[in-house]
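Engineer: For reference, the structure I am asking about is given below.
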Amino acid sequence: GWIRSRPMELDRPGRVLAALTVLPALAVAGWLLAGLPLLLLGWFAPLPAALLGLPVAALLCWAGTRRLGTVVQATPWQVAGVVAVAAASGAANLIMHAEQLVVRRDPATYAQYTAWIAGHGSLPIPTQAEAFGGPDPGLAFDSVGFYDTNGAVTPQFMPGPPMLFSIGDWFGAPFAVPPLLGALAVLTLAGVVARLAGARWAVLAALVLAVSMPILYTSRSTFSEIPSLILLFGGLSLTHDALTRSVRNSAASPGSGRGGRRPERGWGGELSAEPGGDRSLPTELGDDRSLPANPGGHHSLLANPGGDHSLSAEPGGHRSLPDEPGGGRGLPAKRGWGRSLSAGPGVGRGLAWG
């Protein structure tokens, strides 16, 4: 097709934008895929997570981008605009980030959740009553966002966001990861818009999302909505790319219209294309009535000098269908139904019943 014939240099900005907008989702998915087993085993620590999580994330990124093809048409300025909006969003939210640690709503719950698994690498959280002077009737270990289950404390939420936020804890910046994830969410949304509406709208869409109040609020603290947006928008982009690639492969396969012949459907069945050019016409009655072929291998239409199309009636067994008064059944020539029929001697393809 024309897309494949274009020089690689002209497609490069689009390929870069397509890859950049799915890499965040692939990297997040790889990190969570490797980190969850480590957390369940009690080994979620910086070294094991890096040794397992980074290769898995890199493998998913390679597998998800190696066959992207040309799914986005973009210019270098459009790619730069999307990246600039995402970077500005991350920088602004990092400067204005919030630190919520007293457990009253979700952000503080996630912050405390993150602090525990980043430092201990396991769940659930032991109650440790001795740290409070021993058991006491007034001492309880359940609160908003945490449950007391069989002598241990279990966080209310899933461990995915805390496993991402733990990276910031390990580097001594526990509240730096949410703004970074917010910037990546803006980037992934721009990828969806670029695929569905064009790259010229991706910059505007990224800007509108970046300045919207829900994104500003959830990108400045430890919420779960931002990682969910990354996975959602990244998954939509990957689904679009997979469907586009499937349609492209189907269009290029033999017998689909490029270099191959597709069977043509007739009145009562299907016309079978043969090398010699003969096309048989099975009828609904199931009998074998085929079009008689001339020695040249094609079906001819015998037209009367007056221009009416009649099927030849000869002693050889052909029945005529004259289009004249008193001649039995007529064969009217309708527009759209018989494009190959034309008035003139020896033209087109004729129909006759044997």
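Engineer: Checking the condition more than 26 Å from THR239 (Cβ to Cβ), surrounded by 14 or more Cβ atoms within 10 Å (Cβ to Cβ) and not small (Gly, Ala, Ser), which residue from PRO76, PRO48 passes? I'd like the intermediate steps shown before the answer.
Structural biologist: On the way: PRO76 fails: surrounded by 14 or more Cβ atoms within 10 Å (Cβ to Cβ).
The conditions single out PRO48.
Engineer: Would you point out which residue out of LEU216, LEU184, LEU204 is among the aliphatic types (A, V, I, L, M), surrounded by fewer than 21 Cβ atoms within 10 Å (Cβ to Cβ), within 30 Å of GLY14 (Cα to Cα) and in contact (Cβ under 8 Å) with a residue 24 or more places away in the chain?
Structural biologist: Working: LEU184 fails: surrounded by fewer than 21 Cβ atoms within 10 Å (Cβ to Cβ); LEU204 fails: in contact (Cβ under 8 Å) with a residue 24 or more places away in the chain.
LEU216 is the lone residue from the list that is among the aliphatic types (A, V, I, L, M), surrounded by fewer than 21 Cβ atoms within 10 Å (Cβ to Cβ), within 30 Å of GLY14 (Cα to Cα) and in contact (Cβ under 8 Å) with a residue 24 or more places away in the chain.
Engineer: Do we have any residue at all in segment 73-80 that's closer than 28 Å to VAL192 by Cβ, touching a Leu at 6+ places or on another chain (Cβ under 6 Å) and either modelled with pLDDT of 95 or more or in a helix (DSSP H, G or I) (or both)? Reasoning before the result, please.
Structural biologist: We begin by selecting, within segment 73-80, every residue closer than 28 Å to VAL192 by Cβ; these are 73-80.
Now drop any that are not touching a Leu at 6+ places or on another chain (Cβ under 6 Å), which leaves 74, 79.
Narrowing further to those that are either modelled with pLDDT of 95 or more or in a helix (DSSP H, G or I) (or both): 79.
Taking every residue of segment 73-80 in turn, at least one turns out to be closer than 28 Å to VAL192 by Cβ, touching a Leu at 6+ places or on another chain (Cβ under 6 Å) and either modelled with pLDDT of 95 or more or in a helix (DSSP H, G or I) (or both).
Engineer: Is segment 130-147 home to any residue that is of a type in the set (S, T, N, Q) and either within 38 Å of the chain's Cα centre (by Cα) or assigned to a loop (DSSP other than H, G, I, E, B) (or both)? Walk me through it before giving the result.
Structural biologist: First, the residues of segment 130-147 that are of a type in the set (S, T, N, Q): 143.
From what's left, either within 38 Å of the chain's Cα centre (by Cα) or assigned to a loop (DSSP other than H, G, I, E, B) (or both): none.
The answer is no, given that none of the residues of segment 130-147 is of a type in the set (S, T, N, Q) and either within 38 Å of the chain's Cα centre (by Cα) or assigned to a loop (DSSP other than H, G, I, E, B) (or both).
Engineer: So, one more: Taking ARG195 as the residue in question, decide whether it is crowded, with 18+ Cβ neighbours inside 10 Å, of a type in the set (Lys, Arg) and over 17 Å from the mean Cα position of the chain (by Cα). Spell out how you get there, then give the answer.
Structural biologist: On the way: crowded, with 18+ Cβ neighbours inside 10 Å: yes; of a type in the set (Lys, Arg): yes; over 17 Å from the mean Cα position of the chain (by Cα): no.
The answer is no for ARG195.
The values are calculated or read from the model by the stated rules, or taken from the named source; none is laboratory data. The structure displayed is predicted, hence computed values, not measured ones. Because the Cβ atoms are built from the backbone with ideal geometry, glycine has one as well, and the counts that use them run over all protein chains shown.
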